[in-house]
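Asks: Before I ask anything, let me first share the structure, which is written out below as structure tokens.
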Amino acid sequence: MLVPVAHGSRDPRSAATVRALVDEVRAQAPGLDVRPAFLDFDAPSLGEVLDGLDGPAVVVPLLLGSAYHARVDIPAVVAAAGPAHPVRVADVLGPDPRLLAVARERLAALGGEPRGIVLAGTGSGHAAANAVVHRLAGDLGAVAAFATTAPRVPEAIAALQARGAERIAVASWFLAPGRLLDRVHEQAGGVPVAEALGAHPAVAEVVLARFAAATRPLLAAAG
């Protein structure tokens with residue numbers, strides 16, 4: 001059983017995107033029992049899904065970085081639920097070359113050929129998670145910026161302009177639209193911002209790859 005768990009949001013576009021991604025996962029893996037869950041704001045909660053398990057399960061965090069939610073929140077919910085069947089928590093989705101390819105595709109959809117690129121992510125108090133975004137930005141030929149921590153999008157845009165970049169665009173390191181991506185749009189001040197990764201088939205492939213990697217130990221334990 002696959003339990004993809006998203007953070008959840010007050011913005012309904014976020015849950016709609018998660019459910020569309022789950023539909024894509026199901027389309028790519030017919031017959032697999034896929035039960036989505038959320039940490040906050042949306043239903044069902046991860047605890048509720050774990051309480052209803054009727055067999056072993058793999059929880060796949062629908063998160064792009066390994067920050068607090070992945071390292072603390074999700075394992076704590078699993079431990080508190082005390083599920084009757086074995087549960088493993090898989091790795092987060094990012095970083096993964098397939099996700100970076102989707103970010104490139106969303107950026108290209110803006111049209112034109114930017115001379116300066118900002119890769120915008122959420123931002124975290126966990127320095128290692130932010131460092132991953134900086135590394136991915138380098139792979140993209142971009143500079144990194146964050147919605148919630150420094151360097152922020154206006155600073156990154158100003159730095160590119162200081163280098164002489166006349167056409168700038170912002171690539172999105174967000175899984176779904178929502179309030180934080182809206183904040184990036186506001187911070188960009190009219191500079192084009194690419195769409196979130198969304199329910200792209202390649203994102204679903206990564207979800208299934210994380211599921212498969214975490215399933216192998218469960219199968220080995222079962223004998």
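Asks: Please state which of the following conditions Pro177 fails to meet, knowing it meets all the rest: (1) at pLDDT below 95; (2) part of a loop (DSSP other than H, G, I, E, B); (3) out of contact with any Gly (no Cβ under 7 Å at 6 or more places or on another chain).
Replies: Condition (1) is where Pro177 drops out.
Asks: Looking at Ala209, Ala196, Ala158, Ala150, which is the one that is under 20 Å from the mean Cα position of the chain (by Cα), assigned to a helix (DSSP H, G or I) and either among the small types (Gly, Ala, Ser) or buried (at least 18 other Cβ atoms within 10 Å of the Cβ) (or both)?
Replies: Sole residue among the options that is under 20 Å from the mean Cα position of the chain (by Cα), assigned to a helix (DSSP H, G or I) and either among the small types (Gly, Ala, Ser) or buried (at least 18 other Cβ atoms within 10 Å of the Cβ) (or both): Ala209.
Asks: How many of the residues in the stretch 58-87 are assigned to a strand (DSSP E or B) and at pLDDT 95 or above?
Replies: Adding up the residues that qualify gives 4.
Asks: Still on this structure, I have one more. Just checking, which of Pro30, Pro56, Pro86 is free of Cβ contacts under 8 Å to residues at least 60 places away in the same chain and out of contact with any Ser or Thr (no Cβ under 8 Å at 6 or more places or on another chain)?
Replies: Pro30
Asks: Is the stretch 206-222 home to any residue that is touching a helix residue (DSSP H, G or I) at 6+ places or on another chain (Cβ under 6 Å), among the β-branched types (Val, Ile, Thr) and in the same structural domain as Arg115 (by TED's automatic domain parsing)?
Replies: No, every residue in the stretch 206-222 fails to be touching a helix residue (DSSP H, G or I) at 6+ places or on another chain (Cβ under 6 Å), among the β-branched types (Val, Ile, Thr) and in the same structural domain as Arg115 (by TED's automatic domain parsing).
The values are calculated or read from the model by the stated rules, or taken from the named source; none is laboratory data. Please read all numbers here as calculations on a predicted model, not as lab measurements. FYI the Cβ positions are ideal-geometry reconstructions off the backbone, even for glycines, and counts take in every protein chain you see.
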